[in-house]
Amino acid sequence: MPITKRFRGRYGMAVAIALLGLCPNIVLSTAFLPVSRVISRDLGASALQLGLAEGLSNAGYAFGAVLAAQLAQRYVQRRLFLWFEALFVVGSVLAAVAPGIGLFFAGRLLQGSATGFMLISALPPLVTRFGVGKLPGTVAIVNIGLFGASTLGPLVGGVTAALGSWRLLLVVVALLGAAGFGVALLGYVEFDPPAPDLPIDKTALSLALAATVLPFFATSMLSGASMSAPVFLIPFLLGLIALVALVVVQYRKANPLMPVRALSTQLPVTGTVVAMLAGAVFVTVLELTQLYLVEVAGQSPLGANLQFWPMPLGLLVAAVVFGLLVRTRYLALLVLAGLLALGAGAALLVPLSPTGTGTVVTTASLLLGFGAGATVSPGLFLAAFGVPASRLGRAFALVELLRSEAAYAVTPVVVFLAEALPTLASGIRVGLLAMVALAGVGLVAALAIPLFSGARLRKPDLEAWLEDGEQALASPTTVAHLRPRVEDEVVEPLLPRNLPRPPRPRRPRRRRRP
């Protein structure tokens, strides 16, 4: 038996493929802020140029997931993943050896795009091919690989800034990518594509490209322009129009690339809204806090970012709880707890003072880490449970596109507005208060959407989801109780039915004494 076939199909190999494919770039997404000044100095680049490289790298990630969902229907996934991982290694090497911003820009764009490609090739097979017994551990691992690795970014970035070794960091990332290629070569199963005759959805891909590149380009330009400048306003609005058009066109299409119609019911809508808002709150609060510690409190990048050490611990706790609850009816309650934790973490940071940051930041970091782990990936799986597992990759593509738009396009706008106020400290406080409010909006949405849709807490049928091509959970029409003409048999009454009371036994009448 060839050595490459001996390891194929093993669960441990599939886990390693997912983590090595996704984690390196996700860590970089939050690690570059502390080291951005060093990179600008070494490359002779402006803050605008560096911000544009990071913004379009994030856009490449979002669009890469959509393009990979299309390719996965027509071509063998094992070959695709090997090409994607090789592309990531090439991008990492280019960024590491870049003498100027041009080559660094190209490298970061390849890194982001390749990671979006690998998301679709790595996660759906890991989730769907190993049965219900492995699912609790799998969702905890996905929690780490999908968004949780971003909690390590501040620590990695702070140490890198102190050592001034960002090129070494990228070399390590390239080596991790090469290790991922080797593991995939040995362990990735070769299975036939599900729809090799599916035509390329050129309209969806074109709209997705515009909906990612234009908004990320616009928000990146805020480093050197105002929000009323045409260089921001025009591409930003055109990008939003493209995003709305993408959703509408896919909803109306008979055989769409992304199952928007299935994702428009209560469960996917709730999960997607939670993932979008929670991701935006986490990334924005993290960047505002880093900005305060360095620019207002005058701390070094290392000292500032070491205070975020509890954040990965909070994430790990949330990942374990996620695994424990995924087979129960209480998964939706984890999402609510996560939104509360994000709001509480942001609220703790509002009264920060330059002389009293240590305990406050570490406590808030623990809450933020737990909140990130209890919302983004669980929200993604709530959305996934509302569609058949066979459509998981295409559902992930749309939800990740929307989440990325919120998480990495909102932050530059909030930071710009914070820096526009008379003092940076007051601007950061206003931004943090806005994030507390946004977490509150997410909490209200996570309660109101199921309530007005007639949803109830139910235990998911994971066997039917993985094996029979059915939904794991009943997903009623979104806010059906606010749409009188909509009829849906899985919609429960707005208020729970009262159980009939047993008849009271009659008491014997007392005879009156004469």
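Tabulate in residue order the Karplus-calculated ³J(HN,Hα) for the range 46-59, using 6.51 cos²θ - 1.76 cosθ + 1.60 with θ = phi - 60°, rounded to whole Hz; enter x for Gly and Pro. Each residue's phi maps through the Karplus curve to give 7, 4, 5, 5, 5, x, 5, 4, 5, x, 6, 5, 5, 5 Hz. Along the axis of the charge dipole computed for the chain (Cβ charges of +1 for Lys and Arg, -1 for Asp and Glu, origin at the Cα centre), the listed residues Gln111, Ala445, Ala280 are led at the positive end by Ala445. Distant-in-sequence amide contacts of Phe130, defined by a placed amide H-H separation under 5 Å and a gap of 5 or more residues or a different chain, comprise nothing. Given a 1.4 angstrom probe, I'd like the percentage of the accessible area of the chain that is carbon and sulfur, rounded to a whole number. The computed percentage sits at 66. If the chain linking Leu313 and Thr362 were pulled fully straight, counting 0.36 nm for each residue of separation and taking away their Cα-Cα distance, it would gain 16.5 nm. Sparse packing (at most 14 other Cβ atoms within 10 Å of the Cβ) combined with a DSSP loop state is found for the following chymotrypsin sites (Phe, Trp or Tyr not before Pro) in the range 123-223: Phe191. Checking (1) -0.68, -1.04; (2) -0.38, -0.75; (3) -0.40, -0.85 against the coordinates, the calculated log10 I(q)/I(0) by the Debye sum over Cα atoms at q = 0.07, 0.10 Å⁻¹ falls under label (2). Remark: the Val171-Arg129 segment gains 11.8 nm on full extension, using 0.36 nm per residue and subtracting the alpha carbon distance. Positive-end ranking of Val486, Gly9, Ala122 along the dipole of the chain, with charges on Cβ about the Cα centre, is headed by Val486.
Among 330-340, 167-177, 225-235, sorting by the average number of other beta carbon atoms lying within 10 angstrom of each residue, highest first, gives 330-340, 167-177, 225-235.
Computed from phi, the 3J(HN,Hα) profile of the range 317-322 under the Karplus parametrisation 6.51, -1.76, 1.60 (θ = phi - 60°) reads 4, 5, 5, 5, 4, 4 Hz, with x in place of Gly and Pro. Along the range 469-482 the Karplus relation, 6.51 cos²θ - 1.76 cosθ + 1.60 evaluated at θ = phi - 60°, assigns HN-Hα couplings of x, 10, 6, 7, 9, 5, 10, x, 4, 4, 6, 4, 6, 9 Hz to successive residues, with x for each Gly and Pro.
The values are calculated or read from the model by the stated rules, or taken from the named source; none is laboratory data. Everything numeric in this text was worked out from a predicted model, so none of it was measured. Every residue, glycine among them, receives a Cβ derived from its backbone with ideal geometry; neighbour counts consider all protein chains shown. Please note that ligands, DNA and RNA were not included when accessible areas were found on the heavy atoms of the full protein model with its side chains. Shrake-Rupley method; radii C 1.70, N 1.55, O 1.52, S 1.80 Å.
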